[in-house]
1. Across segment 178-194, what is the number of residues that are open to solvent by 10 Å² or more (accessible area, probe 1.4 Å) and either in a loop (DSSP other than H, G, I, E, B) or closer than 20 Å to PRO135 by Cα (or both)?
2. Identify all residues within segment 425-453 that are surrounded by fewer than 18 Cβ atoms within 10 Å (Cβ to Cβ), of a type in the set (S, T, N, Q) and more than 22 Å from ASN383 (Cβ to Cβ); write none if there are none.
3. Contact list please: Cβ distance under 9 Å, first residue in segment 429-448 and farther than 19 Å from SER412 by Cβ, second residue of a type in the set (A, V, I, L, M, F, W, C), pairs at least six apart or on different chains.
4. I'd like the residue in segment 132-159 that is within 26 Å of the chain's Cα centre (by Cα) and part of a strand (DSSP E or B) and, out of all such residues, is surrounded by the fewest Cβ atoms within 10 Å (Cβ to Cβ).
5. Limited to segment 85-126, what total is found for residues that are over 28 Å from the mean Cα position of the chain (by Cα), open to solvent by less than 40 Å² (accessible area, probe 1.4 Å) and over 18 Å from VAL72 (Cα atoms)?
6. Looking at segment 160-175 only, could you name the residues that are open to solvent by 10 Å² or more (accessible area, probe 1.4 Å) and in contact with a Gly (Cβ under 7 Å, 6 or more places away or on another chain)?
7. Return the pair list, or none, for Cβ contacts closer than 8 Å from residues in segment 270-290 that are farther than 22 Å from SER249 by Cβ to residues that are part of a loop (DSSP other than H, G, I, E, B) and of a type in the set (Lys, Arg), at least 6 apart or on different chains.
8. Of the conditions (1) more than 22 Å from SER366 (Cβ to Cβ); (2) in contact with a Pro (Cβ under 6 Å, 6 or more places away or on another chain), GLN287 satisfies every one except a single condition; which number is it?
Amino acid sequence: MSKCVSLIIVIVCSVLLTVLHAEPSLEVEVEALQAFKRSVTHDPLGALADWTVANHHCNWSGIACDPSSSRVISISLLDKQLKGEISPFLGNLSSLLVLDLTLNSFSGHIPPQLGLCSQLTQLILYYNSLSGPIPPEIGNLRNLQMLDLGDNSLNGSIPDSICNCTSLLALGIIYNNLTGTIPKDIGNLVNLQMLVAYRNNLKGPIPVSIGMLGALQSLDLSENRLSGVIPPEIGNLSSLEYLQLFNNSLTGEIPSQLGRCRSLLALELYTNKFIGAIPHELGNLVQLQTLRLYGNKLNSTIPPSLFQLKSLTHLGLSENELIGTVSDEVGSLTSLQVLTLHSNKLKGEIPSSITNLTNLTYLSMSYNSLTGRLPQNLGLLYNLKNLSLEVNHLEGSIPPSIANCTHLMYISLGFNRITGKIPSGLGQLPNLTRLSVGANRMSGEIPDDLFNCSNLRLLSIAENNFTGLIKPDIGKLYNLQEMVSRAEFHQKYQKPLSFRGSHCMTTLWKVPYLRDYLN
């Protein structure tokens, strides 16, 4: 009996000691929340209105507590239009798991004291007005799984200590003013699935250790100042789905090892300084939907292996130095919506199989040395909105079937050797805003139904052999802003005119004079 009484006394004392120990801790947490509220200078929606002593802190808006201890485990105040600074006293919330202040207007620095919240798993400060550096103390958060500091005005470098956060699944620092290099030990973040750092001023190379991020699914380092080569170790990233490195100063050849990243859906390497060949190994990326390599100095042929990529919707190889012909196999890419091959050194004919691409909305093959005729079945491209084939050596007439492309907005066929008339039926193109056929060898009169294209803003037919008069129906083109005459043609388009006809239409005038003519 006495043993039972003693046991009860021990248990009661233990509970009392626990309560006595816990109460001050809770007071500290309440004081930390009150300090956070005091640091908020503008609360137009009254998001913190119930943060008063009349309510238990666990019932305050945006607060979640552990039910057994009443300790604060989450502060979530998304899109509350709050202004002020983030209180450093939040560092006293030792059980905090989530701090999410997305879509507010907090300013000032990220308090280093947040590094004391050792249980933190999510730190989300996206879309605020925070400035200053990323505090190195963030590296103390070994349980952190999500860190999103994007869309602020942070500066300084990415602290090396961030590589200690080995539980990280997602790291977002987009739209800031961060400088310096990517930490060389970034490969320590072996659980990382998403790394997005675009729109900063990061420089230097992509670290070789990035090849250790075997769980990585999305890597976006675009729109920075990165230099050097893409490390071949990037081929180790078998889970990678999105690789976006565009708008940097990366050099060297595109590594063939990328062909091992067989989960890739998007490969965006445009506007860099890559040289050499397009790796034929890219043909292994059978799930690829977007491949954009334009704006580099690639100087190979288009590898036949690319035509194995049946899931491609966007293929952009323009503004390089590619040679050779466009293979007839391009017609097998039936999912293609955008095809840009302009500004290269391609030759040969436009393959007739291109009319198999019935999902195509944008086709640009201008500024090459293409020859032959336009495909007669061009009208099969009934989803086409943009057709740009100017500055080539194309011959023959414009196929009448073009009138079936009823979604067309832009037709640019200037600076070729095209003959024949402007086909009737263009009046069936209600969205047509630009028609440019200047500097060809076309003849005949302007078809009457062209004046039904009431959305037409630019009409360029100079440097041809057209005859006849402009008819009063041109007044239907009430959106017309520019009609290029011969003199204007030379001034506006300072391109070689070796393929233009010998005559121009002498009754072409500027739009202001056209109005006078009609009146």
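The values are calculated or read from the model by the stated rules, or taken from the named source; none is laboratory data. Worth saying up front: this structure is predicted, and the values here are computed from it rather than measured. Virtual Cβ from ideal backbone geometry, glycine too; neighbours counted across all protein chains shown. All accessible areas refer to the heavy atoms of the entire protein, side chains included, with ligands and DNA or RNA removed. Shrake-Rupley method; radii C 1.70, N 1.55, O 1.52, S 1.80 Å.
1. The total comes to 10.
2. SER443
3. SER443/PHE466; GLY444/ILE422; GLY444/PHE466; GLU445/ILE422; GLU445/PHE466; GLU445/LEU469
4. Taking the candidates together, the pick is SER153.
5. Summing the residues that are over 28 Å from the mean Cα position of the chain (by Cα), open to solvent by less than 40 Å² (accessible area, probe 1.4 Å) and over 18 Å from VAL72 (Cα atoms) in segment 85-126 gives 2.
6. SER161, ASN164, ILE174, TYR175
7. What qualifies is ASN284/ARG262; LEU285/ARG262; VAL286/ARG262; VAL286/LYS310; GLN287/ARG262.
8. (2)
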